[in-house]
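In what follows, a single structure is set out as structure tokens and then discussed.
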Amino acid sequence: MHLSLPTSFLMALVLNTLPLLTAAQQLDGLWEGKVFQEGLPDTFAYRLLLEASGSGTFQGLAAARKMSGPDTAAFECLAFMDGDRLVVQDLTQVFPREGLRWCLKYATLELEEAGTVLKGAWKAEGCVAGRMELKKVMTGIPDTVWEEQAVPFSLEGAWTGVLSQSDREYGFYYALQVQPNGKGSSYIVSEDNGGDATHDLQWEWELTDSLLNLNEVAVLRKTDPRWRWCIKSARLQLYREPHRYVLKGDWWGHLEGDSSTSGACAPGTLMLERPILSERIAQVVQSSEEAYRLDYDRKVKVTQVLEVASDQLYIRVWDNGTVDGDVITIFLNGKRIADRYRVTKSKRNFSVVLDKANNFLILHADDLGEVSPNTVGVAIDDGQREQVIIMSSNLSESGAVLVRQIRRN
């Protein structure tokens, strides 16, 4: 994959006389770190992707994010070796194209710690100068990695994740729909008793601290009329990661019909996420969704993106709540890795080998058992770490996860 920069940028720069980098591969790849401005409190998370283009020069893409909020900008840049230092110049701001304009930085960086760290000063016209510190985290050019960085943040829309409770050993599947004007709804599934329910809620956004305050106000619908759900409040911190936005924090509440003093619920934690899909990956997802829909006449909902460091994975599946007769089929890139498997408390292991950079894992519900929908615990182990999620599917919509193979140093 080659980064697409306007040819005029490169033709206008005659750099053939610059010293050749003896090991360009040392600088090829992804660098992450922080950018500081002298005397100012704001710190910026910074990511730089470099690809050698010959004669000691590099094409690049960079992204900066204000760590106290969701503001993000992306830049096309050029880098070259000046003696034993790397010079990085932002050429143009590619996101956002309108509105807030960011500093176009000129940085002079020293290569330290056996070529794994870049440190140095930067300056920009009309901006307070500062310093930059970056660490090498990936060698080579991961497909479309920087397309993701230009995705603008929006709080509105769907969020999906897991709600835990201090008096339960299992987690609840939890989904949030954020609507305009401080309104929204939540959807929760219990694999113990109660089935599922939808709550009406209100929300407030604290821009300065990137905090979302949620307050459920009433149960709109529930499968078991006798079951009393917790009416929950939560305070969630926003995090920005390479392939997702994350909302994470504590929740507390009281049972329907009671107050916080007469019927307090055991509190817990809530983690929600929203995938960030680049244009190319979104096309891969759409193609996989369409093929599945034609075969099984069901919609697909991609709820998470997981990164793995190996093409050889162990996938473990189990019932994370009460065993109620759920029967599932699991598809990986259209192939069945589990066929009409009845889920139990025991973890069932499946060994798979990924043959693509972007892989599509679908949970297909064959039988909903006694409690609808199917929710199962899924662990994906790449040999370096195990990532645990909860997936949910019913007879009209199947949950899905995009598994991205990313090789890191």
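Laid out as a table, the results:
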quantity	calculated
Residue within the stretch 352-363 that is over 30 Å from Lys135 (Cα atoms), over 25 Å from the mean Cα position of the chain (by Cα) and without any contact (Cβ under 8 Å) to a residue 40 or more places away in the chain present	no
Strands (runs of 3 or more DSSP E) within the stretch 323-409 that include 2 or more residues closer than 29 Å to Leu176 by Cβ	327-332, 358-367, 374-381, 386-393, 397-405
Verdict on Ser190 being in contact (Cβ under 8 Å) with a residue 40 or more places away in the chain, surrounded by 17 or more Cβ atoms within 10 Å (Cβ to Cβ), in contact with a Ser or Thr (Cβ under 8 Å, 6 or more places away or on another chain) and not basic (Lys, Arg)	no
Any hit, the stretch 106-117, residues being buried (at least 20 other Cβ atoms within 10 Å of the Cβ) and assigned to a strand (DSSP E or B)	yes
The stretch 340-371, residues that are surrounded by fewer than 17 Cβ atoms within 10 Å (Cβ to Cβ) and touching a Ser or Thr at 6+ places or on another chain (Cβ under 8 Å)	Arg340, Asp366
Leu294 vs. criteria outside any strand (DSSP E or B) and hydrophobic (A, V, I, L, M, F, W, C)	yes
Subset of the stretch 108-132 [closer than 19 Å to Leu61 by Cβ, in contact with a Cys (Cβ under 9 Å, 6 or more places away or on another chain) and not aromatic (Phe, Trp, Tyr)]	Ala124
Verdict on Glu216 being out of contact with any helix residue (DSSP H, G or I) (no Cβ under 9 Å at 6 or more places or on another chain), assigned to a strand (DSSP E or B) and surrounded by 18 or more Cβ atoms within 10 Å (Cβ to Cβ)	yes
Unique residue being among the polar types (S, T, N, Q) and modelled with pLDDT of 95 or more when the list is Ser288, Ser262, Ser233, Ser278	Ser233
Hits in the stretch 262-289 - residues which are under 18 Å from Ser166 (Cα atoms) and either surrounded by 13 or more Cβ atoms within 10 Å (Cβ to Cβ) or polar (S, T, N, Q) (or both)	Gly263, Ala264, Cys265, Pro267, Gly268, Thr269, Leu270, Met271, Leu272
In the stretch 251-266, the residues that are under 29 Å from Glu156 (Cβ atoms), assigned to a loop (DSSP other than H, G, I, E, B) and touching a residue at least 60 places away in the same chain (Cβ under 8 Å)	Cys265
Selection within the stretch 77-87 - surrounded by fewer than 20 Cβ atoms within 10 Å (Cβ to Cβ) and more than 16 Å from Gln26 (Cα to Cα)	none
Test for Tyr296: is it crowded, with 17+ Cβ neighbours inside 10 Å, in contact with a His (Cβ under 9 Å, 6 or more places away or on another chain) and hydroxyl-bearing (Ser, Thr, Tyr)	no
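Each row is one residue, and each column tells you yes or no for (1) within 29 Å of Trp318 (Cα to Cα); (2) without any contact (Cβ under 8 Å) to a residue 12 or more places away in the chain; (3) out of contact with any His (no Cβ under 9 Å at 6 or more places or on another chain).
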{"position": "His199", "(1), (2), (3)": "yes, no, yes"}
{"position": "Glu206", "(1), (2), (3)": "no, yes, yes"}
{"position": "Leu211", "(1), (2), (3)": "no, no, yes"}
{"position": "Arg226", "(1), (2), (3)": "yes, yes, yes"}
{"position": "Leu238", "(1), (2), (3)": "no, no, yes"}
{"position": "Tyr245", "(1), (2), (3)": "yes, no, yes"}
{"position": "Gly249", "(1), (2), (3)": "yes, no, yes"}
{"position": "Gly268", "(1), (2), (3)": "yes, no, yes"}
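Residues are listed down the side, and each one gets a yes or a no for (1) modelled with pLDDT of 85 or more; (2) part of a strand (DSSP E or B); (3) more than 20 Å from Leu111 (Cα to Cα); (4) not assigned by TED's automatic domain parsing to the domain that holds Arg65:
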position	(1), (2), (3), (4)
Glu125	yes, no, yes, no
Arg131	yes, yes, no, no
Leu134	yes, yes, no, no
Val137	no, yes, no, no
Gln149	no, no, yes, yes
Gly161	yes, yes, yes, yes
Glu169	no, no, yes, yes
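The values are calculated or read from the model by the stated rules, or taken from the named source; none is laboratory data. Model, not experiment: these values are computed from the prediction. Counting neighbours? That spans all protein chains shown, and the Cβs are built from the backbone with ideal geometry, glycine included.
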